[in-house]
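S.K.: The structure is given below, and queries will be raised subsequently.
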Amino acid sequence: MKLTVIIPWRDESPGQLYRLLSSIDAQLEIDFAQLEVVVVADGPAVWPQRISVAMQHFTPISLRSPGNVGAGLARQYGIDHSTGDYLMFLDGDDVLQDVFALSRFWRAGAHDLIVGPYTKESYASGYQYQQSDAIESSAVYAKWYRRSYLTSIGLRFSPELRTYEDAYFVTLALLLTTDVAVLTQPSYVWLRNMQSLGRRDHFAMAHQADQWAKSYRLRLAFLASHDSPDYAHQGWSYVVKAFFHIQIYTPADVHAFLQEHRRILTAIGQHCQPITPAELVAQAERLQPKLYPTLTMNGFAKYAADQLAIIRQVPRSEEK
């Protein structure tokens, strides 16, 4: 099985890029002849060739995406211009966990997806490290994707998303196959970088609630095109999560968020069987303790009734 590692980069320093590629170069128990490393510049940045020269076991293939397109489309450009049977995505400011990170994936065998946990670095009176869940749909890394599987379902990074593109891509990849191998050991370290897209400007990206909702809307449309039985679960989960999400992250553009939110409610009304307010409240009561432990259910019953009233006004799709 040949692996293509795709690394989109833009503002990372040569030191950060060297650290990441060195962690690949140091891998043990792998055949480097079966490894292709593709670095994709997202914008006008020039790849520092001295990093390539320093690698002993591989020479990275340097590409440039067509303009400043964002990390998602830079990854897609790497997919379209590479040859590996499997794809793995790394960020330029992160690093592989240890020298056996890649060999653990190879030993897992052939599957549509091979997923595992990663280590999250944070800082609060000192650096702290926490292991993620083994299956995390918001993170594109610490996973291998079989190219033929992605091609068979037509899954690509969306040109409509510059943020929350990971959640769109990974959620759909996970939902549309049952052939998933799960590793138990972390393979990747998500290093704390306060200048990264998700953290810069006091975590401004998190307040782009309209883009968060758009990611949901686009994945629902993709599921509908595949007649997926997971559509209803994803749709009602969005309605529940939106109540809590905007409490944590006040929308930077309320009007844009409400537009996206209403479009999702319309799609749910077209494709989903009606449920009662009590059923929606029950879903929220299951999700809230795990996903939003610092928040309460106060106001949710009224919110549920209001959302369902809007959904009931939508004509059902004849195909469903």
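Bear in mind that the values in this text are calculations on the coordinates, not laboratory data. The structure displayed is predicted, hence computed values, not measured ones. Please note: Cβ atoms are built from the backbone with ideal geometry, for glycine as well, and neighbour counts cover all protein chains shown.
S.K.: Based on DSSP H runs of at least 4 residues, each adding -39500 (n - 2.57), what is the mean residue ellipticity at 222 nm of the chain after dividing by all its residues, to the nearest 500 deg cm²/dmol? Write down the numbers at each step before the final one.
M.R.: Values: 12 runs with 138 residues, N = 320.
Theoretical 222 nm ellipticity from helices: -13000 deg cm²/dmol.
S.K.: Taking the Cβ-Cβ separation of residue 100 and residue 225 as r and a Förster radius of 45 Å, what is the calculated FRET efficiency to the nearest 0.05? Intermediate values should be presented prior to the final figure.
M.R.: Working: r = 39 Å, r/R0 = 0.87.
In this case the efficiency is close to 0.70.
S.K.: Only Cα pairs under 8 Å and at least 6 apart count here; give the relative contact order of the chain as a rounded whole percent. Kindly include the intermediate steps, with their values, before the conclusion.
M.R.: On the way: 533 pairs, mean separation 47.3, N = 320.
That works out to 15 percent.
S.K.: Hey, with R₀ at 35 Å, roughly what FRET efficiency would residue 313 and residue 33 work out to, going by the Cβ-Cβ distance, to 0.05?
M.R.: Values: r = 60 Å, r/R0 = 1.72.
FRET efficiency, residue 313 to residue 33: 0.05.
S.K.: What Kirkwood hydrodynamic radius, in Å, does the range 16-103 give when the mean of 1/r is taken over all pairs of distinct Cα atoms and then inverted?
M.R.: Numbers: mean 1/r = 0.0735 Å⁻¹.
Mean inverse Cα-Cα distance, inverted, gives 13.6 Å.
S.K.: At each listed q (0.15, 0.18, 0.20 Å⁻¹), what is the log10 of I(q)/I(0) that the Debye formula gives for the range 208-312 modelled as equal alpha-carbon point scatterers?
M.R.: -0.59, -0.88, -1.09
S.K.: Over the range 115-156, what is the relative contact order in whole percent, taking alpha-carbon pairs under 8 Å and six or more residues apart? Don't skip to the answer; put the middle values down first.
M.R.: Details: 37 pairs, mean separation 15.5, N = 42.
Relative contact order, the range 115-156: 37 percent.
S.K.: Another question, if that's okay. Can you give me the relative contact order of the range 60-216 as a percent, contacts being Cα pairs under 8 Å and 6 or more apart?
M.R.: Values: 236 pairs, mean separation 49.1, N = 157.
So the answer I get is 31 percent.
S.K.: Over the Cα atoms of the range 3-200, Rg to Rh with Kirkwood Rh, two decimal places? Spell out each step's value before the answer.
M.R.: On the way: Rg = 15.7 Å, Rh = 16.9 Å.
Taking Rg over the Kirkwood Rh, I get 0.93.
S.K.: May I ask what percent, to the nearest 5, of DSSP beta bridges between residues of the chain are antiparallel?
M.R.: Details: 12 of 32 bridges.
If I count the DSSP bridges inside the chain, around 40 percent turn out antiparallel.
S.K.: Still on this structure: For helix 209-225, report the angle its Cα long axis makes with the longest principal axis of the Cα atoms of the chain; keep it between 0 and 90° and round to the nearest 10°.
M.R.: 90
S.K.: Which part of the range 288-307 falls in the paramagnetic zone of residue 247, meaning amide N under 13 Å from the point 7 Å along Cα-to-beta-carbon?
M.R.: Output list for this probe position: 288-304.
S.K.: Between residue 306 and residue 22, what length comes free when the chain is fully extended (0.36 nm per residue of separation minus the Cα-Cα distance, one decimal in nm)?
M.R.: Details: separation 284, 0.36 × 284 = 102.24 nm, distance 5.39 nm.
96.8 nm is the gain from fully extending residue 306 to residue 22.
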